[in-house]
Amino acid sequence: FMFLTKPYIILPQPLELGNSSDYLPVKNNLNMESYNGKYNELRSPDITKARATKSEQLLRIDDHDFTMRPGFGGPAVPVGVDVQVESLDAISEVDMDFTMTLYLRHYWKDDRLSFKSNTNQSMTFDGRLVKKIWVPDMFFVHSKKSFTHDTTTDNVMLRVYPDGKVLYSLRVTVTAMCSMDLSRFPLDTQTCSLEIESYAYTDDDLMLYWKEGNRSLNTDERISLSQFLIQEFHTTTKLAFYSSTGWYNRLYINFTLRRHIFFFLLQTYFPATLMVMLSWVSFWIDRRAVPARVPLGITTVLTMSTIITGVNASMPRVSYIKAVDVYLWISFVFVFLSVIEYAAVNYLSTLQERKERKLREKVGLPCTCGIAHPGMMSDCYSEVDVNTTGNYGMPEENGMRRERMLVELAMESDQMTGHVGSRAYSSIWIDTHAIDKYSRVIFPGSYILFNIIYWSIYS
């Protein structure tokens, strides 16, 4: 009975009033067209969706299959590329990589996107339309990580011209591998490359090229690095072959870096040189001053070891010798030899004292080798300054310079003079410091010669 007095009409699906179970009571004489018009006026239109739909209709997005490249089945589609380098952020010798931020722009023509325009003006879109059309599938070869910036929105721009030409630009930061040769570190020059290639399309489907040659690569004049001087940016194009897929066009962004040497001069070379020069001070210290010469030699050796360890801690563990290793290790050898030099002086002096003692025992004279005897009136070096190494103005004997040491001999009997308790003075020529004297000339001369050869080769 109720059904007969208030009939229900099932509204058709295109009206989008809900599911098929939704019913709306109307009068028997209801005009369906007037009702639909009033209902549409009540709905709030989605302005964003309406605009997107209008642009898609203008570009006829739904009329084409954009999963296929432009001109599928025909010749390869040319895709021009240019790059604006925004920054070169970090270069790591340990990880053998670099980080670069750049604007990557693609140029190609897709007739499917052509549209009519009375003003011949292009249309610019953001990243939302990029997902609905065909774009080149570029990737960075040998990259460790990369990302497209998304603050405040995705940094992607698409510009379409009436004749179907397309400009696709995006802002990318990429960390890529750079194989470095550190054999001349830190006097080295490194060349790194950022490689761009299509992932899916071979050169039969996509021809990748620099849009304007070397002028396709632009750099910011404010780019600078703390350790490197950027010498050159240039572009090249090559073909890459994969055995399973074929030949691909590959674009190269090459840049040359020369390392600043001043930091390493202050932190490595100058300290090492000073340690070597400090080790030479022991040649002017008397051989009997053991507490002075031994700690000096040990200190310089340990300091050189610390410098070598500190340099290698910040470097990759390569299997070849670097330029800085050559300098540090040869400096370490000079410091170590200065310690060995004193050991040789001390040993030879001991042998000489033993020979002197045996000689004096034969002639019946008391020993003057520094060993106390009951009859000694004073120290055997009483007339020689302990802090000097002798008088170098004395004449030479047998072709070699000798040092004169005055020894005071106390005679307890008159075996030699006939008077008891008298004093006798004898001048004895001994050669105790010949190694020290030669070392004062040989060590500095050899180190200066090494520096001349080193800097002439590596600089």
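The values are calculated or read from the model by the stated rules, or taken from the named source; none is laboratory data. All of these numbers come straight from a predicted model, not from anything done at the bench. Neighbour counts run over all protein chains shown; Cβ positions are idealised from the backbone, glycine included. Note: accessible area is taken over every heavy atom of the protein model, side chains too, but ligands, DNA and RNA are not part of it. Shrake-Rupley method; radii C 1.70, N 1.55, O 1.52, S 1.80 Å.
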For the pair N155 and V130, how long in nm is the line joining their label points, each one 7 Å along Cα→Cβ? 1.1
Only loop residues by DSSP count here, and only those with at most 14 other Cβ atoms within 10 Å; note down the trypsin sites (Lys or Arg not before Pro) in the range 190-242 that meet that. R222
Under Karplus coefficients 6.51, -1.76 and 1.60, residue-wise ³J(HN,Hα) of the range 200-214 in Hz, glycine/proline x: 9, 9, 6, 5, 6, 10, 9, 9, 8, 8, 6, 4, 9, x, 5
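Taking a quarter of the surface of the Cα convex hull of the range 136-200, what do you get in nm²?
Dividing the Cα hull surface by four gives the mean projection, 7.1 nm².
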The long-range amide H neighbours of F125, using H built 1.01 Å from N in the peptide plane and a cut-off of under 5 Å, are L158, R159, V160
Identify the chymotrypsin sites (Phe, Trp or Tyr not before Pro) of the range 175-222 meeting these criteria: DSSP loop state and at most 14 other C-beta atoms within 10 Å of the C-beta. Y199
Can you list the residues, at least 5 places off or on another chain, whose amide H is less than 5 Å from the amide H of M207, using H built in the peptide plane? V77, V79
Top to bottom by accessible area (1.4 Å), largest first, where do S338, S92 land? S92, S338
Along Cα→Cβ, 7 Å out, is where each label goes; now give me the distance between the ones at M207 and F241 in nm to one decimal. 2.1
At 20 °C in a medium of viscosity 1.002 mPa s, the range 61-259 has a Stokes-Einstein diffusion coefficient, with Rh taken as the Kirkwood radius over alpha carbon pairs, in µm² per second, of 117
Rounded to the nearest 0.05, what FRET efficiency is calculated for V281 and S314 with R0 set to 25 Å and r the Cβ-Cβ distance? 0.25
Burial ranking of peptide ranges 67-75, 106-114, 319-327 (average Cβ count within 10 Å, highest at the top): 106-114, 319-327, 67-75
Rounded to the nearest 10 Å², what accessible area does I308 show when all protein chains are kept and the probe is 1.4 Å? 10
Estimated distance in nm for a label pair at A292 and T67, the labels positioned 7 Å out from Cα along Cα-to-Cβ: 9.1
